[in-house]
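Values in this text are rule-based calculations from the coordinates and carry no lab data. Computed from a predicted model, the values in this text were never measured in an experiment. Here Cβ is always computed from backbone atoms with ideal geometry, including for glycine, and neighbour counts include all displayed protein chains.
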Amino acid sequence: MNPRPKAGEYYVKSIITSKPSRKEFLMAKESMKAREVKRAKLVAKYAAKKAALKAAGDYEGLQALPKNASSVRLHNRCSITGRPKGYMRQFGISRIQFREMASAGLIPGVKKASW
């Protein structure tokens, strides 16, 4: 029997295969997810200051800001698993989670194409 998930964890079951050796938790490391949250907070914190420095043309002041205050350093992650690649903006999840949830009928208005 599987243990109950802790706060912030989700069970991910594979629809493609039911091999017993396949990992049931397909999650990103908590440290990686925390790092992305920290970057997002820094971007929000320094957004106004960065805009003011850009408008004034103070490029040395921009250099003094932390590296993680740049919005370019943000990376979208799946809200369920934390997967950084294959992210679908419209749904906020990875392509793998999208496929599993759509097949299970958990995403309203989405059905498998057939012609």
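Set the Förster distance to 35 Å, then compute FRET efficiency between Ala48 and Ser79 from the Cβ-Cβ distance, nearest 0.05.
My answer for the efficiency is 0.85.
So if I take the centroid of the Cα atoms in the range 22-74 and the same for the range 79-104, what is the distance between those two points in Å?
With the range 22-74 and the range 79-104 each reduced to a Cα centre, they are spaced 23 Å.
Which value, in debye to the nearest 20, describes the size of the charge dipole of the range 28-74 about its Cα centre when Lys and Arg Cβ atoms bear +1, Asp and Glu Cβ atoms bear -1, and nothing else is charged?
In total the dipole reaches around 240 debye.
Where does each of 104-111, 45-52 land if you order them by average Cβ count within 10 Å, highest first?
In decreasing order of mean packing, 104-111, 45-52 become 45-52, 104-111.
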